[in-house]
1. Does residue 119 satisfy the condition of being crowded, with 19+ Cβ neighbours inside 10 Å, in a helix (DSSP H, G or I) and within 18 Å of the chain's Cα centre (by Cα)?
2. With respect to residue 180, determine if the residue is surrounded by fewer than 16 Cβ atoms within 10 Å (Cβ to Cβ) and either in contact with a helix residue (DSSP H, G or I) (Cβ under 9 Å, 6 or more places away or on another chain) or within 30 Å of residue 11 (Cβ to Cβ) (or both).
3. Determine which member of the set 215, 233 is within 21 Å of residue 27 (Cα to Cα) and out of contact with any helix residue (DSSP H, G or I) (no Cβ under 6 Å at 6 or more places or on another chain).
4. Where the second residue is in a strand (DSSP E or B) and the first is not assigned by TED's automatic domain parsing to the domain that holds residue 29 and lies in the stretch 211-225, which pairs have Cβ atoms under 7 Å and are six or more apart or on separate chains?
5. Could you list, in sequence order, the residues of the stretch 32-56 that are touching a helix residue (DSSP H, G or I) at 6+ places or on another chain (Cβ under 9 Å) and within 15 Å of ligand 1 (Cβ to nearest atom)?
6. Check 79, 59 and return the single one that is assigned to a loop (DSSP other than H, G, I, E, B), more than 14 Å from ligand 1 (Cβ to nearest atom) and within 16 Å of residue 149 (Cα to Cα).
7. On the basis of being modelled with pLDDT of 95 or more, surrounded by 14 or more Cβ atoms within 10 Å (Cβ to Cβ) and closer than 22 Å to residue 179 by Cβ, does residue 100 make the cut?
8. Can you name every residue in the stretch 159-174 that is touching a helix residue (DSSP H, G or I) at 6+ places or on another chain (Cβ under 6 Å) and either more than 14 Å from ligand 2 (Cβ to nearest atom) or without any contact (Cβ under 8 Å) to a residue 12 or more places away in the chain (or both)?
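The values are calculated or read from the model by the stated rules, or taken from the named source; none is laboratory data. Values in this document were obtained by computation on a predicted structure and should not be read as measured data. Virtual Cβ from ideal backbone geometry, glycine too; neighbours counted across all protein chains shown.
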Ligand SMILES: Nc1ncnc2c1ncn2[C@@H]1O[C@H](COP(=O)(O)OP(=O)(O)OP(=O)(O)O)[C@@H](O)[C@H]1O
Ligand SMILES: [Mg+2]
C-alpha cells in the first residue's frame with residue numbers, strides 16, 4: 001500500500017433512480033491514485049466513466065462507498081479539482097479571456113489578469129483573448145476548456161474524453177501539451193478515453209472497466225520511459241493486450 005495516495009475510492013456504487021426504475025451505473029469500484037500519477041480509464045460506452053469522474057469531482061454526491069482526497073472525504077465540488085468535459089462547455093457570449101476569468105474564485109483583479117494570461121499561454125492561446133468560442137476551432141475551444149480547468153491550480157485534473165472530437169493531428173499536439181502541463185504542474189491526472197493508444201501513451205496506468213454496471217476489470221501498469229514511442233514493440237504489445245481485455249466480452 002502506498003502512502004502517496006491522493007484519491008482513494010473504496011467500494012463505490014452509484015444508482016440512478018428514474019421513473020422507469022433504478023439503473024445501477026457503478027458497483028464495487030475501489031481505486032487508489034497516487035499524487036502526480038496519470039491514470040487512464042477505458043471502457044464501453046455507458047459503463048459509468050463520466051459518472052465516476054463526476055463523483056470524484058464532487059458534482060455528484062449521491063453514491064454509496066467512500067471517496068477521499070488527501071485523506072478527507074469529499075463534500076461537494078472544490079477548487080482542488082478541475083474537470084474538462086468531452087464538449088468544451090464554454091459560454092458562447094463570453095470571450096476566451098472572460099470564459100477563463102469566470103472560473104476564477106479567489107484573488108485580486110491583478111492576480112486574475114496574470115493567471116489568465118499565464119494559462120492561455122500554457123495552452124498556446126496567447127493572442128486569442130478577445131475571440132468568442134464561435135470563432136475558435138474545436139481544438140482551440142478544448143484548449144480554452146483546459147486553461148479554464150487549470151486556472152485555479154487544481155491538484156487533480158479530471159479529463160473526460162478531452163480530445164474526443166478532434167482530428168488526429170490536433171489530438172497528438174494536445175496530448176503533448178497536456179503531458180507538458182502534467183509534468184510542470186505535478187497535477188494528479190484521471191483521464192477517460194475511448195482511444196486505447198492514447199490511454200497507453202498518456203498513462204502510468206490504464207484501468208479497463210467492464211460494461212454497465214461498471215466495475216474495474218483489469219489494470220495495466222505502463223512502465224515505459226517517456227516520451228513514449230508509439231511504434232515501439234512493448235508499446236504495441238500493451239496496446240494489444242488492453243484491446244483484447246476490452247473486447248473479451250464482446251466477441
Ligand atoms: N443523469 C442520469 N440519469 C439517469 N441515468 C443516467 C444518468 N447519467 C448516466 N446514466 C446512466 O448511467 C450509465 C453510465 O453513464 P455514463 O455517462 O457515466 O457512461 P460513460 O461510460 O461515460 O459512457 P460514454 O462512454 O458513452 O460517455 C448509463 O448507462 C446511463 O444509463
Ligand atoms: Mg461519458
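1. Numbers: crowded, with 19+ Cβ neighbours inside 10 Å: yes; in a helix (DSSP H, G or I): yes; within 18 Å of the chain's Cα centre (by Cα): yes.
In short, yes.
2. Numbers: surrounded by fewer than 16 Cβ atoms within 10 Å (Cβ to Cβ): yes; either in contact with a helix residue (DSSP H, G or I) (Cβ under 9 Å, 6 or more places away or on another chain) or within 30 Å of residue 11 (Cβ to Cβ) (or both): yes.
Here the answer is yes, as residue 180 does meet what is asked.
3. Working: 233 fails: within 21 Å of residue 27 (Cα to Cα).
Of the residues listed, the single one that is within 21 Å of residue 27 (Cα to Cα) and out of contact with any helix residue (DSSP H, G or I) (no Cβ under 6 Å at 6 or more places or on another chain) is 215.
4. So the pair list comes out empty.
5. Once the filter is applied, which keeps residues that are touching a helix residue (DSSP H, G or I) at 6+ places or on another chain (Cβ under 9 Å) and within 15 Å of ligand 1 (Cβ to nearest atom), the stretch 32-56 yields 40, 41, 42, 43, 44.
6. Numbers: 59 fails: more than 14 Å from ligand 1 (Cβ to nearest atom).
After applying the criteria, what remains is 79.
7. Working: modelled with pLDDT of 95 or more: yes; surrounded by 14 or more Cβ atoms within 10 Å (Cβ to Cβ): yes; closer than 22 Å to residue 179 by Cβ: yes.
Yes.
8. Hits for the stretch 159-174 are 166, 170.
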